[in-house]
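The values are calculated or read from the model by the stated rules, or taken from the named source; none is laboratory data. What you are looking at is a predicted structure, and each value in this text was computed from that prediction instead of being measured. Ideal geometry is used to build each Cβ from the backbone, glycine not excepted, and the neighbour counts take in all protein chains shown. These accessible areas exclude ligands, DNA and RNA; they are computed on the full protein's heavy atoms, side chains included. Shrake-Rupley method; radii C 1.70, N 1.55, O 1.52, S 1.80 Å.
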Amino acid sequence: MITRFIEYCKVFRNLSPETQRAYASDLHQFEAFCNQLNHSVFSSEAVKEWLKVLDSSLKPRSILRKCSSLKTFYRFARISGWINTDPFFNIPLKIKPTKSLPKDISLCDIERILQYAYQKCSANLSPAKHKQAIRNTAIIELLFGTGIRVSELCSLSPSDVDLESGRILIHGKGNKERIVFISNQDAIRLIEEYAKSDQNAILETGYMFNSQQEKRISPETIRSILNIYAAESGVSSHITPHRFRHTFATALVNSDMNLRHIQTLLGHSSIQVTEIYTHVASAHHREMLCEKHPRNHMNISI
């Protein structure tokens, strides 16, 4: 049933591979839980017990995601005629996600990582290691320079990338297309060099970024690259591809770019999602005010 549901999500709903994996993971986890209790996966009692376990071990956002996976599966089960009544019916969900501001990377840390990445490209390396270093630096430049999602970067094909104009066609969530731009000439030159160095693999796979095994690069590999480069450049903060996206958005808000333009560049379906970065910018402005305002440097004795 889970297999058929995931196939439906892929073919008819065109959901991303990451969403498909999340659904499958959540449903198999629930299935194992039901097996332990000898409950049917279509039992309301199983759902209630599952919610108790989740509530004691997970954050609200994670609980809501797992509930969403289960609810979507139950809707498909009704369409398929496996059940007549939704097991979630009359089960109240009083879970509110905690509002957390997106965490960005300090520009100093990004500069250190990029500096290290370019130094590695210039080092005396074997041809294979040199090609790998250029690829890694191109990935970092794109994550920081465009704010694209790691899944979008992994899915880039050479036909999506026009380095002459710095224009990139992104196939985002729900297969919605948008245009982003590489605005830095050093980054464009570096990506051009990478594309020439890995031309055979790019033509063979049809993807812009590939692994050493000449297969499309995975988000896990990119996360590993970022962790290694952060550690080797002396950056101690936690670095992830999505934090590059947050940093891109926060930097644009801090530079007073129109919020609608930022929404378009990020591919947000709703302006409300983009507006969260104004809160990050407000926090930044407060910190700057506390640091720079002369009143905070006056020694007034009372």
Please say if the chain is rounded, prolate or oblate, where rounded means a/c under 1.5 for a ≥ b ≥ c the square roots of the C-alpha gyration tensor eigenvalues, and otherwise the choice is prolate for a/b larger than b/c and oblate otherwise? oblate
Averaged over all viewing directions, the convex hull of the alpha carbons in the stretch 55-97 casts a projected area in nm² of 3.2 nm²
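Under 15 Å from the Cβ of ILE110, count the other residues' Cβ atoms, weight Lys and Arg +1, Asp and Glu -1, and hand me the total.
Values: positive: LYS103, ARG112, ARG243, ARG245; negative: ASP104, ASP109, GLU111, GLU141, ASP186, GLU232.
Value of the local net charge: -2.
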Hull volume per residue for the stretch 1-93, using the convex hull of the C-alpha atoms, in Å³ is 96 Å³
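Which percent of the accessible heavy-atom area of the stretch 1-106 goes to carbon and sulfur, probe 1.4 angstrom?
Working: 3540 of 6860 Å².
Looking at the stretch 1-106 in its full context, I get 52 percent from C and S.
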Which FRET efficiency, nearest 0.05, do GLU164 and SER126 yield, Cβ-Cβ r, R0 41 Å? 0.85
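Among rounded, prolate and oblate, which fits the stretch 145-252 when a ≥ b ≥ c are the square roots of the eigenvalues of its C-alpha gyration tensor, a/c under 1.5 means rounded, and a/b larger than b/c means prolate?
rounded
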Picking from LEU266, ASN14, VAL253, whose Cα lies most toward the positive end of the charge dipole for the chain (charges on Cβ: Lys, Arg +1; Asp, Glu -1)? ASN14
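Restricting to DSSP H runs of at least four residues, report the calculated mean residue ellipticity at 222 nm for the chain, -39500 (n - 2.57) per run over all residues, nearest 500 deg cm²/dmol.
Details: 13 runs with 184 residues, N = 302.
Theoretical 222 nm ellipticity from helices: -19500 deg cm²/dmol.
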Starting at the first residue of the stretch 188-204, write each ³J(HN,Hα) from the Karplus equation 6.51 cos²θ - 1.76 cosθ + 1.60 with θ = phi - 60°, in whole Hz, x for Gly and Pro. 4, 4, 5, 5, 4, 4, 4, 4, 5, 5, 10, 4, 4, 5, 5, 5, 5
Just the number: Rg to Rh for the stretch 17-66, Cα atoms, Kirkwood Rh, two decimals. 0.98
Tell me, what is the 1.4 Å probe accessible area of ASP86, in Å² to the nearest 10? 40 Å²
Dipole magnitude of the chain about its Cα centre, charges +1 at Lys/Arg Cβ and -1 at Asp/Glu Cβ only, in debye to the nearest 20? 880 debye
In the stretch 1-158, with Lys and Arg counted as +1 and Asp and Glu as -1 at Cβ, which of these residues, PRO92, SER151, MET1, has the Cα nearest the positive end of the dipole, that is, farthest along it? PRO92
Hz values of 3J(HN,Hα) by residue in the stretch 46-57 - Karplus curve (6.51, -1.76, 1.60), Gly and Pro given as x: 5, 4, 4, 5, 4, 5, 4, 5, 4, 4, 8, 10
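Could you tally the net charge around ILE79, taking each other residue with its Cβ under 14 Å from the Cβ of ILE79, Lys/Arg +1 and Asp/Glu -1? Mind dumping the intermediate values first?
Numbers: positive: ARG4, ARG13, LYS71, ARG75, ARG78; negative: GLU7, ASP86.
Charge balance near ILE79 sits at +3.
When Lys and Arg each count +1 and Asp and Glu each count -1, what net charge do the other residues less than 10 Å away from ILE148, Cβ to Cβ, add up to? Don't skip to the answer; put the middle values down first.
On the way: positive: ARG149, ARG178, ARG245; negative: GLU152.
Counting the neighbours of ILE148, the net charge comes to +2.
Can you tell me which of 213-220, 70-77, 120-127 comes out highest on packing, and rank the rest after it, using the mean Cβ neighbours within 10 Å? It would help to have the intermediate numbers written out before the result.
Numbers: 213-220: 14.5, 70-77: 18.6, 120-127: 11.8.
Top to bottom by mean Cβ count within 10 Å: 70-77, 213-220, 120-127.
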Under a Gaussian network model of the chain whose springs join Cα atoms within less than 10 Å, the largest fluctuation of LYS59, LYS94, LYS103 belongs to LYS94
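Would you please classify the overall shape of the stretch 105-157 from the alpha carbon gyration tensor, given that a ≥ b ≥ c denote the square roots of the eigenvalues, rounded means a/c under 1.5, and beyond that prolate means a/b larger than b/c while oblate covers the rest?
Since a/c reaches 1.5 but b/c is at least a/b, the shape of the stretch 105-157 is classed as oblate.
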